[in-house]
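Here is the structure we will look at, set down as structure tokens.
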Amino acid sequence: MTGFPDFGRDKETWYRDGFDKVYEVGWLNVFGPRLVETVGRERVLSTPAHRVEELPNGCVLLMTWPTAADFASDEARLAQARAHAHLRPDLDFETVLRTLRERSAMLAPVEPRFHPDMAPLLSRVVDRTPSHERQRTISGLNAWQPPEPEEWRPADAALPPDVDDPERALEHYGTLAEHLVALLHTKVPSVFDETPESLTDVDFYFWRENFPRSRLRENIEAHAVPAIGAYLGEVLVRNLGGRWIPRQKLEEAQVRVGSRVWLPFVRARHYMASRQALLDYSLTRLYRVAARHRP
């Protein structure tokens, strides 16, 4: 039932009043003795419904429709609205029915048509969505288009290396990437593989955990962003034949893939800004675009 168990009331009111009235009527209901007496036993027993049965302990069982499988059909919603309006004469039948029909519309199947780059990730996002919100979520994600990655420049505009020891810089990037592996390896075993698929697994983990909001911002900036940026860069190097162009400042470090150089640490900072940013600036999306620009 929508709003169960507090039905929009604050905790103090909920604890004080309990189930003091019929806030919702579902397909199958069992009303306790106190609620039955509050509403009126005669009124409860005369509810227009498929089945109304008085139980030995004073409870009343009420079934609005014969089967649960089609609870969202218009006929079942009509029966549900009639029962609710009967038990709550203060409610307007048409308003109750309209609300129920809106809920049914939200449950109508919607065919996923996600952006191809994002489909594997968004399918998992949908799977984590509560069932009563799932179809609306699919509709929203069908309409959403991931922004074009902006963390790149043409290869002929790449910043030149400015470090004294390039090999040591590359080792540093590798160490930072290993920090992400150490952080995620139990929850995201594929992180060891450094593949495009592991990027999607990482994206989903951070989204599921709402990492940008569930962790301290200073720790994200100091540890997560460098580790994510280095890991993304290593995946570009390993899978797309990319080449690091090391810089003293991490945010200036680049990975050349074909005619573009990518800025993985800048991407990581954008990525960790919010939960929505995890989708807008996903690691998966940048990789897919980079792959298309590989010679």
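The values are calculated or read from the model by the stated rules, or taken from the named source; none is laboratory data. Treat the numbers as computed from the prediction; the structure is a model and nothing was measured. In this analysis, Cβ positions are derived from the backbone assuming ideal geometry, glycine residues included, and neighbour counts consider all displayed protein chains.
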Legend entry - Search result, residues across the range 208-232 that are assigned to a helix (DSSP H, G or I), in contact with a helix residue (DSSP H, G or I) (Cβ under 9 Å, 6 or more places away or on another chain) and free of Cβ contacts under 8 Å to residues at least 60 places away in the same chain: ILE220, GLU221, HIS223, ALA224, VAL225, PRO226, ALA227, ILE228, GLY229, ALA230, TYR231, LEU232
Inset, instruction - Could you tell me whether any residue of the range 59-76 is surrounded by 15 or more Cβ atoms within 10 Å (Cβ to Cβ) and without any contact (Cβ under 8 Å) to a residue 24 or more places away in the chain? - result: no
Legend entry - Top-ranked residue in the range 119-170 [being basic (Lys, Arg), out of contact with any Lys or Arg (no Cβ under 7 Å at 6 or more places or on another chain) and over 27 Å from ARG292 (Cβ atoms); ranked as modelled with the highest pLDDT]: ARG168
Inset, instruction - Return a yes/no flag: does the range 244-260 have any residue that is outside any loop (DSSP other than H, G, I, E, B), closer than 21 Å to VAL163 by Cβ and among the aromatic types (Phe, Trp, Tyr). - result: yes
Legend entry - Selection count where residues are more than 19 Å from ARG285 (Cα to Cα), in contact (Cβ under 8 Å) with a residue 24 or more places away in the chain and not in a helix (DSSP H, G or I), scope the range 112-145: 1
Inset, instruction - Starting from residues that are basic (Lys, Arg) and under 34 Å from the mean Cα position of the chain (by Cα), keep the ones in the range 70-113 and report whichever is nearest to SER131 (Cα to Cα). - result: ARG103
Inset, instruction - Could you pull out the residue among LEU286, LEU250 that is under 21 Å from ASP193 (Cα atoms) and either modelled with pLDDT of 95 or more or surrounded by fewer than 22 Cβ atoms within 10 Å (Cβ to Cβ) (or both)? - result: LEU286
Legend entry - Exclusive hit being over 14 Å from TYR173 (Cα atoms), modelled with pLDDT of 95 or more, β-branched (Val, Ile, Thr) and touching a Phe, Trp or Tyr at 6+ places or on another chain (Cβ under 9 Å), set VAL261, VAL255: VAL261
Inset, instruction - With respect to LEU141, determine if the residue is surrounded by 15 or more Cβ atoms within 10 Å (Cβ to Cβ) and either touching an Asp or Glu at 6+ places or on another chain (Cβ under 9 Å) or within 15 Å of ALA224 (Cα to Cα) (or both). - result: no
Inset, instruction - From the list LEU240, LEU232, pick out the single residue that is under 28 Å from PRO161 (Cβ atoms), of a type in the set (A, V, I, L, M, F, W, C) and surrounded by fewer than 21 Cβ atoms within 10 Å (Cβ to Cβ). - result: LEU240
Inset, instruction - Return yes or no: is GLN276 part of a helix (DSSP H, G or I) and either in contact with a Pro (Cβ under 8 Å, 6 or more places away or on another chain) or assigned by TED's automatic domain parsing to the domain that holds LEU159 (or both)? - result: yes
Legend entry - Unique match (being touching a strand residue (DSSP E or B) at 6+ places or on another chain (Cβ under 6 Å) and surrounded by fewer than 21 Cβ atoms within 10 Å (Cβ to Cβ)) among ARG292, ARG256: ARG256
